[in-house]
1. Amide H of Thr140 versus every other amide H placed in the peptide plane: which residues, excluding those fewer than 5 positions away on the same chain, fall under 5 Å?
2. At 20 angstrom or more along the helix axis (alpha-carbon based) and mean Kyte-Doolittle of -0.5 or higher, what helices does the chain contain? Whole DSSP H runs only.
3. Let a ≥ b ≥ c be the square roots of the eigenvalues of the Cα gyration tensor of region 72-131; is it rounded (a/c under 1.5), or, if not, prolate (a/b larger than b/c) or oblate?
4. Given a cut-off of 28 Å, name the pairs among Lys66/Lys126; Lys27/Lys136; Lys27/Lys66; Lys72/Lys136; Lys76/Lys136; Lys4/Lys66 whose C-alpha atoms lie farther apart than that in the structure shown.
5. For the chain, what does the alpha-carbon gyration tensor say about shape, rounded, prolate or oblate, given a ≥ b ≥ c as the root eigenvalues, a/c under 1.5 as rounded, and a/b over b/c as prolate?
Amino acid sequence: MNKKTLRSFWLNAALFLLLGMDIAMVKITGSETTGVHTGLHIHVFVNGLLVIGCLIHIGMHWRWYKAVLSGKAKGKTKLIMTGFVTIMMLLAGLSGHAALSSTAASSFHSFTGSMALIGLSIHGIKHLRWMVLTGKRLMTTPETSKPVPDYS
């Protein structure tokens, strides 16, 4: 397996984990009756890592983006979806601080954050087959194509 595939696999695995953590944080902590997010610092940290990971992911696939935009590759729907998710993540991030002091900003932050999480989840689910097949390839030896024994 080449290095690019390995990097992409591990980055995707980390993004799946971060996405799951973020969804759990939002669901579990929610808002107190005072309107303050109980896990705010963790939520901000996990989201920061998620954004950085998404930017690295986009950078790793930049040639594909250029090819779609120039008409040399298919995937305009996927590109539009990625753009939508990116915009929602940006708007959610920019409205996060204001959400602490304004009900309207809080609603906007919740909406854009939810849209970003839904979009990221759909993107992740669409790539789940690739993740499973690549994971299986990682667990086999190239010589025999049989699973590597677990000696733990």
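What follows draws every value from the coordinates through simple rules; no lab data is involved. It should be emphasised that the depicted structure is a prediction, and the values quoted were computed from it without experimental measurement.
1. So Thr140 has HN proximity to Val148.
2. Details: long enough: 3-29 (38 Å, 0.89); 40-60 (30 Å, 1.84); 76-95 (28 Å, 1.36); 103-126 (34 Å, 0.71).
Once both thresholds are applied, what remains is 3-29, 40-60, 76-95, 103-126.
3. prolate
4. Table pairs above 28 Å Cα-Cα are Lys27/Lys136; Lys27/Lys66; Lys72/Lys136; Lys76/Lys136.
5. Details: a/c = 3.06, a/b = 1.55, b/c = 1.98.
It is oblate, given that a/c is not under 1.5 and a/b is not larger than b/c.
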